[in-house]
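Heads up, the thing below is written out as structure tokens.
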Amino acid sequence: MKTLSEFDDIRPFAPEELPEVYDRLLANEQFHKVLDFLYPGVPIEVIGQNMHKCKTSLEFQKAFAYPFLKELIAKASTGCDMDASEIDSSKQHTFISNHRDIVLDSAFLSVMQIDKGFPTTCEIAIGDNLLSIPWVRDLARVNKSFIVKRGLTPRELMQASIKMAHYMIFALNEKRENIWIAQREGRAKDSNDLTQKSILKMFALGAEGTLLEKLQQFHIVPLTISYEYDPCDYLKAAEMQAKRDDVNWKKGAMDDAISMQTGIFGYKGSIHYHAAPCIDDYLEALKSKSNISNGDLLDTICLHIDKQIHRNYYLYANNYIALDELEGTTTYADKYTDADKAKFDAYLKQQLAKIEIVNKDEEYLRRRMLEMYANPTRNYLKANA
């Protein structure tokens, strides 16, 4: 049987490790600046005392992350809700979701789980490319994150994938934790949300049995995240033009940090989470199809997860306006008003004005942004046909 110490380099901190990590964070000047911003006028000693009262990561989330996120929802959105009626919240699940925001996808899920009375929140898969600063890495691991190692050789990647899959099984079964992981590495810039087969291949490395038996051990729940407005839409569009104009273009050192800050504090409108049924029964039904290769099985399961995510989008007026505008029709005009259209057009104009790049191609950029809002509509209509 696996033990916690086997995963020391990737796992969240254990309860007995927290006091030392709190002290490390409280001694960091950059972390002080974050605390000054979040809790103006509150002495560092008082914050430190309150941190040390938190004996588990869940207690830390409830005492520190939860109030901040509830305030953020109040300030930067018109509300966030979740439909979890199709799952048993008392059981452990691996939530595979579409990926809208680097930080908030999993953070808001944890808020919704607390509000819905789940016994615990999620452990969060997060790439080490976002954790290059030591105190940020510490804070992420306090906040129930486990580390996905990037930039490895093929051999190292295989070893890291096996370890992560083993850890996820350990977290589900031994720690009785939920898990959140994005359906693909990085966000879908155009919001055409599709599950990467490599995610399921990685899962299969950590369990015993046939492919279907292995995947059943993760108790996968497809999770749909819908934003009325994506605060990073203009950053994604600018990145698309940069890649169009220079095939060798690479993100700068600060690009992820800017996306994180914009995503956290930017206006989102309404936010909706929807959990589809756990796919364990679906996987059980596939066992009768013994003539299908593992590769074809993985393709079939990815399509099922995608369909579950797509059918549960919560569509806003923006989504229908964008599709009509792209296709030059008024097919979905009954889904929005003239005022809705004027508001969305003004929003796009405002976002486009934020883009500062060489040879700015406004027509191209606007079309890319329209696609971000139209693609969920296309996928929703197809999934529910």
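Values as computed for the structure displayed
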item: Debye equation applied to the C-alpha atoms of the chain, log10 I(q)/I(0) at 0.07 Å⁻¹; result: -0.33
item: Amide proton proximity set for Ser270, modelled H, under 5 Å, gap of 5+; result: Thr78, Glu228, Tyr229
item: Within segment 137-180: Cβ-based charge dipole about Cα centre, in debye rounded to nearest 20 (Lys, Arg +1; Asp, Glu -1); result: 80 debye
item: Dipole magnitude of segment 204-274, debye to nearest 20 (Cβ charges: Lys/Arg +1, Asp/Glu -1, about Cα centre); result: 60 debye
item: Highest-MSF residue in the chain out of Gln61, Gln308, Gln159 [GNM, Cα springs under 10 Å]; result: Gln159
item: Selection from Leu215, Ala253, Met168, by position along the positive dipole direction of segment 153-299 (Cβ); result: Ala253
item: Volume of the Cα convex hull of segment 131-203, divided per residue and given in Å³; result: 123 Å³
item: Segment 169-219: radius of gyration over Cα atoms, expressed as a fraction of 2.2 N^0.38 Å; result: 1.30
item: Value of Rg to Rh for segment 245-324 (Rh from inverse mean 1/r over Cα pairs, i.e. Kirkwood); result: 1.13
item: Rounded to 5, percent antiparallel among DSSP beta bridges of the chain; result: 20 percent
item: Note, ³J(HN,Hα) from phi for segment 365-378, Karplus 6.51, -1.76, 1.60, rounded to Hz, x at Gly and Pro; result: 5, 5, 5, 4, 5, 4, 4, 4, 8, 7, 4, x, 5, 4
item: Accessible-area order (highest first, 1.4 angstrom probe) of the listed residues Arg150, Arg100; result: Arg150, Arg100
item: Rg/Rh ratio calculated on Cα atoms of segment 45-159 (Kirkwood radius); result: 0.99
item: Within the chain, longest stretch free of exposed chymotrypsin sites (Phe, Trp or Tyr not before Pro) [DSSP loop, at most 14 other beta carbons within 10 Å]; result: 1-248
item: 222 nm mean residue ellipticity, helices alone, for the chain (DSSP H n ≥ 4; -39,500 (n - 2.57); rounded to 500); result: -15500 deg cm²/dmol
item: Most fluctuating residue given options Ala107, Ala182, Ala84, as computed from a GNM of the chain linking Cα atoms under 10 Å; result: Ala84
item: All aspartates and glutamates inside 17 Å of Lys360 as judged from Cα atoms, apart from same-chain residues fewer than 8 positions distant; result: Asp233, Glu239, Asp245, Asp246
item: For segment 214-223, 3J(HN,Hα) per residue [Karplus equation, 6.51 cos²θ - 1.76 cosθ + 1.60, θ = phi - 60°, Hz, x = Gly/Pro]; result: 4, 5, 5, 6, 9, 6, 6, 10, x, 10
item: For the chain: relative contact order, % (alpha-carbon pairs under 8 angstrom, 6 or more apart); result: 20 percent
item: Assigned charges on the beta-carbon of Lys, Arg, Asp, Glu; the chain dipole about Cα centre (debye); result: 320 debye
item: Translational diffusion of segment 179-261, µm² s⁻¹ [Kirkwood Rh, Cα pairs; Stokes-Einstein; 25 °C; 0.890 mPa s]; result: 158 µm²/s
item: 3J(HN,Hα) from dihedral phi, segment 281-295, Karplus parametrisation 6.51/-1.76/1.60, rounded to Hz, x for glycine, proline; result: 5, 4, 5, 4, 5, 5, 4, 6, 9, 6, 8, 8, 5, 4, x
item: 27 Å Cα-Cα threshold exceeded, pairs from Lys2/Lys214; Lys243/Lys307; Lys197/Lys236; Lys116/Lys354; result: Lys243/Lys307; Lys116/Lys354
item: Protein-only accessible surface order, largest first, of Lys214, Lys53 at 1.4 Å; result: Lys53, Lys214
item: Where N is the number of residues in segment 238-286, Cα Rg divided by 2.2 N^0.38 Å; result: 1.96
item: Segment 228-365 - convex hull of the alpha-carbon atoms, volume per residue in Å³; result: 195 Å³
item: 1.4 Å probe accessible area per residue over the chain, in Å²; result: 47 Å²
item: Alpha-carbon centroids, segment 159-194 and segment 82-99: separation in whole Å; result: 14 Å
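The values are calculated or read from the model by the stated rules, or taken from the named source; none is laboratory data. None of the values given here were measured: they were computed from a predicted structure. Cβ: placed from backbone, ideal geometry, glycine included. Neighbour counts: every protein chain shown. These accessible areas exclude ligands, DNA and RNA; they are computed on the full protein's heavy atoms, side chains included. Shrake-Rupley method; radii C 1.70, N 1.55, O 1.52, S 1.80 Å.
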